[in-house]
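**Student:** The structure is given below, and queries will be raised subsequently.
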Amino acid sequence: MPPTKSEVTRLLDRWSAGDTDALGRLMPLIVRDLRNMAGKQLAAEGPGHTLQPTALVNEVYLRLAGRRTVQWDNRQQFFAFVAGMMRRVLVDHARRQRAEKRGGDAVKMPLDEAFRLPGRGNVQVLDLDLALRGLTEIDPRQARIVELRFFVGLSVEEVAAVEGISRTTVKREWHTAKLWLLRQIHGS
């Protein structure tokens, strides 16, 4: 039986309050959600990726367990944070792979499919990360919207609730951010 939102929220609150055992009790309740998130991110990586969803979730768990203090306002914030953490794990993995290959190709991510824009080709994870960091410097809200929509998979309505903005604003910012990222990655 899937956990209720209140169970997950209660454990997030306890973890925020300093209960170090709360993460251990939380993980069995959300591991399926985390594996789904990891699977979506890895599916976007293309064929031949050496990481598996379970390995990505395990790495995220280790990073979460290593955090001294946490403060979660809600489930969406937590899952957005985890999605960002997954992205950083994938970027670190791509960097290690590139270093091992002495400059070889990094893992490809079909950005055109993810952003539903035709004819844009594949993009490397490292290129996407660099572009997203650039967007964060220019417009942090747009970068958060990209992370919430692309990496977490939240709906427009869910992003609006998390960010405290209207659905229309989310749609506009999402569209603008996608175009900006594609221009940064592919040029003009």
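**Student:** With every protein chain left in place and a probe of 1.4 Å, what is the accessible surface of Ser155, to the nearest 10 Å²?
**Tutor:** 40 Å²
**Student:** Ordering Ser166, Ser16 from largest to smallest accessible area (1.4 angstrom probe), what's the sequence?
**Tutor:** Final ranking, largest accessible area leading: Ser166, Ser16.
**Student:** Ranked by accessible surface with a 1.4 Å probe, highest first, in what order do Lys171, Lys178 come?
**Tutor:** Greatest to least solvent exposure: Lys171, Lys178.
**Student:** If R₀ is 30 angstrom, what is the calculated FRET efficiency for the pair Asp21 and Arg96, using the beta carbon separation as r and rounding to 0.05?
**Tutor:** 0.40
**Student:** Another one. Which distance in nm do the two modelled labels at Arg14 and Arg68 give, with both placed 7 Å along the Cα-to-Cβ direction?
**Tutor:** 2.4 nm
**Student:** Another question, then. Using a 1.4 angstrom probe on the protein heavy atoms only, could you order His175, His186, His93 from most to least accessible area?
**Tutor:** Sorted descending by solvent-accessible area, the residues read His175, His186, His93.
**Student:** What is the extension gain from Leu130 to Arg32, computed as 0.36 nm multiplied by their sequence separation minus the C-alpha to C-alpha distance, in nm to one decimal?
**Tutor:** 32.3 nm
The values are calculated or read from the model by the stated rules, or taken from the named source; none is laboratory data. Everything quoted here is computed from the prediction, not taken from an experiment. Because the Cβ atoms are built from the backbone with ideal geometry, glycine has one as well, and the counts that use them run over all protein chains shown. Areas reflect the complete protein model, heavy atoms only, side chains present, ligands, DNA and RNA absent. Shrake-Rupley method; radii C 1.70, N 1.55, O 1.52, S 1.80 Å.
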